[in-house]
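Novice: For reference, the structure I am asking about is given below.
Please treat every number below as a calculation from the coordinates, not as lab data. Note that the coordinates shown come from a computational prediction; the quantities given were computed from them, not determined experimentally. No Cβ is skipped: glycine too gets one built from the backbone with ideal geometry, and neighbour counts run over all protein chains shown.
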Amino acid sequence: MAGEVKIKLRFNGVWREVETRPDRILLDLLREELGLTGTKKGCEAGECGACTVLMNGRAILSCLTPALKADGAEILTIEGLAEEGNLHPLQQAFLEKGAVQCGYCTPGMVLAAKALLDANPTPSVEEVKRAISGNLCRCTGYTKIIQAVRLAAEALRGDQRRKDEPAEAVKQAKTAVYP
Amino acid sequence: MNTVSSEVVGRSVLRVDGFEKLTGRACYAGDIAFPGMLHLKLQRSDRPHAKILGIRTAEAQAYPGVVAVFTCRDIPGTNRIGREIPDQNVLCIDKVRFIGDPVALVAAETPAAAEAAAALIRVDYEDLPGIFSPEEALAPGAAKIHPNGNLLMERTLLRGDPERALKEADLVIANTYRTQMVEHAYLEPEAGVATFIDGKMTVWMPSKYSHFDQRELAEAIGLPPAAVRVVNATVGGCFGDKTSLSPGYYAALASLKTGRPAKMVYSREESFIATRKRHPFIIRHTTGASWDGRILAAKVEIVADTGAYCASGPTVLVKSLIHAAGPYDIPNVSMKVTFAYTNNPVGGSMRGLGVPQVTFAHESQIDILARELGMDPFAIREKNGFRPGSVTATGQRLGDSVSLVETLATVRAEVARIGTPPSTGSKKYAWGVAAMFYGIGAGGRSNPGVARLEVDTAGAFTLFVGIGDVGQGSSTALVQIAAETLRCSMGEIRVVAGDTDLCPDSGVTAASRVTYIVGRSVQIAAERMRERLQEAAALLIGAAPESLRVENGFFLSQDAPLRQVSIAQAAAKAKERGIPLVAEGVFDPDFVALDPKTGQGEPMATYAFATQAALVAVDTGSGEVDVLTIVASHDVGKAVNPDSVTGQIEGGISMGVGFSLTEEILLEGGRIRNPGFNGYFLPTSLDMPDTVSLIAEVPEATGPYGAKGVGEPALLPTTPAIINAIHAATGIRVKELPATPERLWRMLRDRHQTSSCSTPGEQ
C-alpha cells in the first residue's frame, strides 16, 4: 500500500489538512475520513450523479475525482449549504415544491442545481433539464425538481416573495399547447 | 411545521423528513459506522445452475485483514428464507440456481480486504443444464431446478362462458404480448449494519417490512425473534424491493459469529446482479366484442419467468390474475396464469406486482378493438368501463368509489385542449390513451394495518407504525391523518417508524396499501386517543364528554364556553385517573378469498382507477420515440397530500417511460449483460415529458378521510398509453417491450414486407 499523502482543502468554508492514500477518491475521503456522509455513493462509476459536490464552484463527480486532485481546492458539500440552520433558497424550494422523495439523489441534485444557478441566474426549463441530466432520480420524475430549481432561481434573484405565499404563485413551466 | 388543524388532510404540507434529507443529515444504512466494525463481501455463483462439490476458503482465510470466512456450515439457524415458500438460502448448501446466488461470506477489517479475499474463494462446481425461459422450464424432461420441479404455481379463473361468447362475438382479436425483465434501480444500493451486544442483535437497514425481516433473519441465523431488533434506516428508494436477504442479514450473521459490529454495502453492479426483478410475462390475450363495441369475452393465458426462487411470485401471480381483464365489465372471462422457475435472476415484487404487464396487454387489446370497430379510443373505454356497481372478472361487485369514466372524460378534455402538432416529414405526432384499475392491498388475504399512538403529560404525541417511509411520503401522510383526527398541529406529533422493538407490525409497504390500510389504522388509533383525552378533559371542565370538541390542541365545551383544557392538562388528568395514555388502531379490509379454480372472490375492499394519455413524436427514420406530454387523471379517493400524490404520478410516469422505451435487463445464459447505468437506461431529466397530473376524488367510505392509494397506479397506464400513441402515429403495433429505437426501426422497415392485417385475428 502506498504511503499517506498530506493535502490541504477548504471543506465547507473551513481549511483542513488531511492525510490520504494517493489512490483514494474524493467521495471516500469525504464519507470515511471526514464523516461527511451527506454526499452519496450510488454507482462509483460516474453514471448517477449522487456524489456530486462543488469543487471551486464547479459541479464534479466526487467518485471520479482523485482526492489528491482536490489539494488546495474549495469543496462544498450538502452539509455546507445551509447557513446557521437557515436553508439555502435551493433547499427551501426543494422542500416547498415536494422535490424530495427518498432523498438519495437530493444532495447531488441540489449541488448540480447550485452550480447552474451560480453561472446562470435565469435558466430556462431546458437549461435546468440539461444541468441536472447527469443526476438520476428514480422517484420524482424530475418535474418537481425542475420547478424547484426555477423557484429558487427566482428567490435568489431577489424577487420578494412573502414567506407564506404559496409556491404555486410562482410561474411554472407550462405544458405546451398545439393550436 | 405548524399547520393548523382541520386543514391538514388535503393540504400539501411539507414532508416531515424533508429538512434532514435536504441537509445531508438523513441517515441511510450506508452512512452508519461503528468503531472496529467488519466489512463484508460475498462470493456469488458465476454459474446459472450447478452442484456445489466443495468450497475452498483457505486462501481467503489467509488474506491479510480477513477475520473470518463463512459458508452454509457456519450458520446456526435454518439458513432458509422466502416469505411465501422458503426455497432460498442465506448461503447456498448443495446447489446454485442463478448467477449471483450467495455461496460464501468474507468478513475483513476493510472493504478492500473483504473484496480481495472473496475473489480467492474457490468453489468446485458440477454444472447442470441451465434453463433460461419458462417454456423450456415446463417442457417435458427439463432439468429440475427445485426438487418438486419447475412449476412454481398455476391459477385459473372462470366467469361465464368465454368459449361460447367468443364463438358468438362479431369480432375476435388475439395477440401475444411480451414484457421484459426490469430492475428497480433505486438510487441507494442496499446496505446493512449490525451490532451484537449482550445477546441482542440490532440491525439497521432499509426495509419495506422490518417486522418480517426481523422474524426471517432471526430464524435463518438462529436467534429467537425477540433477540433481534430491526431498525429501518432512511430508505433510499424501494419500489417493491428491499426486504428479505439483504445486506443486513449478512451483517447480522457476521456480527453473531464474531461479536463485532459488521457492515455490508452492495456496489451498483452487485445490486443489479443479486436483487430481485420485475417478472417478464408472455401474455396471450383474446378479446371478443360485438359490432357496437361491447366487450363480450376475454381469454388470457400468461406464462411468466419467476427466476431461480419463489420470492413473491405467488403474490405477483394472483395480482395479475385479478387485473388481467382490465377495468371493464366483461361477462365472460377465462384465465390461466403459470409461473415457472428458471435459472435467471429472481423475480420479485416491483411497483404494480404483475399488473403493469397485464395492463400493457389489455390496453393494447382494447385499442386494437377500437381501431377495428372504427370507434374512438375514449368512447370504447367509456362504453365498457367500470362504474359503481360493476362486476369485476373475479365476480366482485364494486362499491361507490369508482370514477374511471370521470378520469376518461377529464383526460379527453385535456388532450383536446392541448391539441396535436402537425406531423412533418419523418416526424409523426399522435396521442394514445390507456386506463387501469388496481386493487389496494393484498389480494384475497388478510393484511391488517396497525398503529399505536402515545401522548405524554406535556401533550406531545408519538405515532408508532411498523412501516418506514420508503420515499413516497408515508410518514408525512400518516402524521397528517393523525393531526387531522386529533385536531392538533402536525408539530405536536412525532413519528417513529419501522423499528421492531418500538413499533407494532403494520404489515408491508406494498400494494399501495399504506395510506388506505395503515392510514385508517392511524385514524382509528387517533380517534381512540381523542376519546380518552376527551374523557379526562370532561372531568376537568365539569361537562359531559360528548359536549366537548377539540380545536388547535384545546378541548372546549359548549356547556362551559369559558373553560378550555389543553392536551397536556387532559393527558395529566388521564394519567391521574388511570386512563391509558396510549391507543391502538387496527384495520384489516374485508375480503373474500379467491376460489382456487374459478378465481372468483372479492380480493380487495377497494380499487383505484386512472386514465393517462401520451403525446409522442416518432421519428420514422430512426425509430426514436419522444414522449412529449402525459396527461394523467387518477382517482385516489382523497388526496391526503396533493403534492405527494402528484409526485407519485410524475415518478410513476417516469418509470413508465423507462418500461416503455429504454429499460431492459439483457440476459445471456442467465448472465446480466448490463449490470449498471451505462447499459441499463433510466429516464433522465431530458427524457421526462411535460406532465399534467390531475387528481380525481371520489371518497372510499372505508379509507381514512376517503383515501385509497396511488403509488402503483401511477405507473400502470403510462406504458400502454405510449405504445398506443406509437401505433396512432405510425400504424406500428408494438407487442414486445421495450420499444427501443432499434426494435421500432426494424418494425417500420419490415412493415412493407408483411401484409398489413386488418381482418380479425393476430394483429
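Novice: Taking chain A as the reference, fit the longest principal axis to its C-alpha atoms, fit the long axis of helix A:106-119 to the helix C-alpha atoms, and give the angle between the two in degrees, 0 to 90, nearest 10.
Specialist: Compared with the principal axis, the helix lies near 80 degrees.
Novice: Going by amide H atoms built from the backbone, whose H comes under 5 Å of the H on B:V495, apart from near neighbours?
Specialist: Answer set, sorted by chain and number: B:L463.
Novice: Peptide B:679-687: average number of partner chain Cβ atoms within 10 Å per residue?
Specialist: 6
Novice: Given contacts defined as C-alpha pairs under 8 Å and at least six residues apart, what's the relative contact order of chain B, whole-number percent?
Specialist: With pairs under 8 Å counted, the relative contact order is 16 percent.
Novice: Please compute the net charge surrounding A:C63, taking Lys and Arg as +1 and Asp and Glu as -1 over other residues with Cβ under 12 Å from its Cβ. Mind dumping the intermediate values first?
Specialist: Details: positive: A:R24, A:R31, A:K40, A:K41, B:R268; negative: A:D28, A:E44, A:E47.
Result for the local shell: +2.
Novice: Among DSSP beta bridges lying fully in segment A:5-80, give the percent that are antiparallel, nearest 5.
Specialist: Counting only bridges with both partners in segment A:5-80, antiparallel ones make up about 90 percent.
Novice: Taking a temperature of 20 °C and a viscosity of 1.002 mPa s, what whole-number D in µm²/s does Stokes-Einstein yield for segment A:1-81 with Rh from Kirkwood over alpha carbon pairs? Spell out each step's value before the answer.
Specialist: Values: Rh = 12.4 Å.
The diffusion coefficient I find is 173 µm²/s.
Novice: Highest GNM mean-square fluctuation, chain A, Cα pairs closer than 10 Å: which of A:G141, A:G49, A:G80?
Specialist: Comparing A:G141, A:G49, A:G80 in a Gaussian network model of chain A, the most mobile one is A:G141.
Novice: Just from its helices, what would the mean residue ellipticity at 222 nm be for chain B, if runs of 4 or more DSSP H residues each count -39500 (n - 2.57) and the sum is divided by every residue, rounded to the nearest 500 deg cm²/dmol?
Specialist: Mean residue ellipticity at 222 nm (helix-derived): -8000 deg cm²/dmol.
Novice: To continue, here is another question. Work from the charge dipole of segment A:89-169 (Cβ charges, +1 for Lys and Arg, -1 for Asp and Glu, about the Cα centre) and give the residue of A:V125, A:C137, A:L95 farthest towards its positive end.
Specialist: Toward the positive end, the furthest listed residue is A:C137.
Novice: Return one number: the angle in degrees, 0 to 90 and rounded to the nearest 10, between the long axis of the Cα atoms of helix A:143-156 and the longest principal axis of the Cα atoms of chain A.
Specialist: Once rounded, the angle reads 90 degrees.
Novice: Follow-up question, since we're still on this one. Please give the FRET efficiency for B:K575 paired with B:E109, using the beta carbon to beta carbon distance and R0 = 56 Å, rounded to the nearest 0.05. Could you put the intermediate results ahead of the total?
Specialist: Numbers: r = 51 Å, r/R0 = 0.91.
After rounding to 0.05, the efficiency reads 0.65.
Novice: Going toward the positive end of the dipole of chain B, with +1 on Lys and Arg Cβ and -1 on Asp and Glu Cβ, which of B:N344, B:P713, B:N332 do you reach last?
Specialist: Result: B:N344, furthest along the dipole toward the positive end.
Novice: What shape does segment A:89-169 have by the C-alpha gyration tensor, where a ≥ b ≥ c are the square roots of the eigenvalues, rounded means a/c under 1.5, and otherwise prolate means a/b greater than b/c and oblate the rest?
Specialist: Verdict is oblate for segment A:89-169.
Novice: Continuing with this model, one more query. For segment B:404-446, what does the alpha-carbon gyration tensor say about shape, rounded, prolate or oblate, given a ≥ b ≥ c as the root eigenvalues, a/c under 1.5 as rounded, and a/b over b/c as prolate?
Specialist: Since a/c reaches 1.5 but b/c is at least a/b, the shape of segment B:404-446 is classed as oblate.
Novice: Same structure again: Roughly what would the spin-label model give for A:A176 and B:A379, points 7 Å off Cα along C-beta, in nm?
Specialist: 3.0
Novice: Which GluC sites (Glu not before Pro) does segment B:215-288 hold that lie in a coil by DSSP with at most 11 other beta carbons within 10 Å?
Specialist: Those that pass, being in a loop and sparsely packed, number zero.
Novice: Take peptide A:71-80, look around each residue's Cβ out to 10 angstrom, count Cβ atoms belonging to other protein chains, and average those counts.
Specialist: Rounded to a whole number, the mean comes out at 1.
Novice: Now for a different question. Please report the net charge: other residues with Cβ closer than 11 Å to the Cβ of A:G35, K and R +1, D and E -1.
Specialist: Surrounding charge for A:G35 is -3.
Novice: List, in order, the whole-Hz ³J(HN,Hα) value for each residue of segment A:56-68 obtained from phi through the Karplus relation with A = 6.51, B = -1.76, C = 1.60 and θ = phi - 60°; use x for Gly and Pro.
Specialist: Karplus values, whole Hz, x for Gly and Pro: 6, x, 9, 6, 10, 8, 6, 7, 10, 9, x, 4, 4.
Novice: Further question: Where does each of A:K69, B:K263 land when they are ranked from fewest to most other beta-carbon atoms within 10 angstrom?
Specialist: Neighbour counts put them in this order, fewest first: A:K69, B:K263.
Novice: Nearest 20 debye, what's the magnitude of the dipole of segment A:89-169 about its Cα centre given +1 on Lys and Arg Cβ and -1 on Asp and Glu Cβ?
Specialist: 160
Novice: Right, next: What average count of beta carbons from other chains do you get within 10 Å of the Cβ of residues in A:35-41?
Specialist: For peptide A:35-41, the averaged partner shielding equals 6.
Novice: On to the next question. Which residues in segment B:37-51 have a backbone N closer than 20 Å to a point placed 7 Å from the Cα of B:Q61 along the Cα-to-Cβ line?
Specialist: Hits in segment B:37-51 for B:Q61 at 20 Å: B:39-44.
Novice: If amide H atoms are built 1.01 Å from N in the plane of the peptide, which residues on other chains or at least 5 residues away come under 5 Å of the amide H of B:N552?
Specialist: Amide H neighbours of B:N552, under 5 Å, 5+ apart: B:S5.
Novice: In addition: Would you mind classifying segment B:478-614 by shape? Square roots of the alpha carbon gyration tensor eigenvalues, ordered a ≥ b ≥ c; an a/c under 1.5 is rounded, otherwise it is prolate if a/b is larger than b/c and oblate if not.
Specialist: prolate
Novice: So, one more: Got the relative contact order for chain A handy, in percent, Cα pairs under 8 Å and 6 or more residues apart?
Specialist: Relative contact order here is 20 percent.
Novice: Moving on. With each run of n ≥ 4 DSSP H residues scored as -39500 (n - 2.57), what mean residue ellipticity at 222 nm is computed for chain A after dividing by its residue count and rounding to the nearest 500 deg cm²/dmol?
Specialist: Per the formula, -7500 deg cm²/dmol.
Novice: Could I ask something else about it? Taking Rh as the Kirkwood radius computed over C-alpha pairs, what is the Stokes-Einstein D of chain B at 37 °C in a medium of viscosity 0.692 mPa s, expressed in µm² per second?
Specialist: 120
Novice: Give the span of the protein assembly as shown's Cα atoms along each principal axis, as three whole-Å numbers ordered largest to smallest.
Specialist: Taking the Cα atoms of the protein assembly as shown, the three principal extents are 83, 76, 58 Å.
Novice: What are the residues whose amide H is under 5 Å from the amide H of B:Q600, where those residues sit 5 or more places off or on another chain and H is modelled from the backbone?
Specialist: It is B:L158, B:D595, by chain and number.
Novice: Further, regarding this structure: Which net charge results when you count Lys and Arg as +1 and Asp and Glu as -1 among the other residues whose beta-carbon is under 14 Å from that of B:E664? Walk me through the numbers before you get to the answer.
Specialist: Details: positive: B:R178, B:K277, B:R278, B:R673, B:R743; negative: B:E183, B:D305, B:E663, B:E668, B:E736, B:E742.
Residues close to B:E664 contribute a combined charge of -1.
Novice: Write down the percent of antiparallel bridges among all DSSP beta bridges whose residues are both part of the protein assembly as shown, to the nearest 5.
Specialist: Of the beta bridges lying entirely in the protein assembly as shown, close to 75 percent run antiparallel.
Novice: In the protein assembly as shown, with Lys and Arg counted as +1 and Asp and Glu as -1 at Cβ, which of these residues, B:V303, B:L217, B:A525, has the Cα nearest the positive end of the dipole, that is, farthest along it?
Specialist: The residue sitting farthest along the positive end of the dipole is B:V303.
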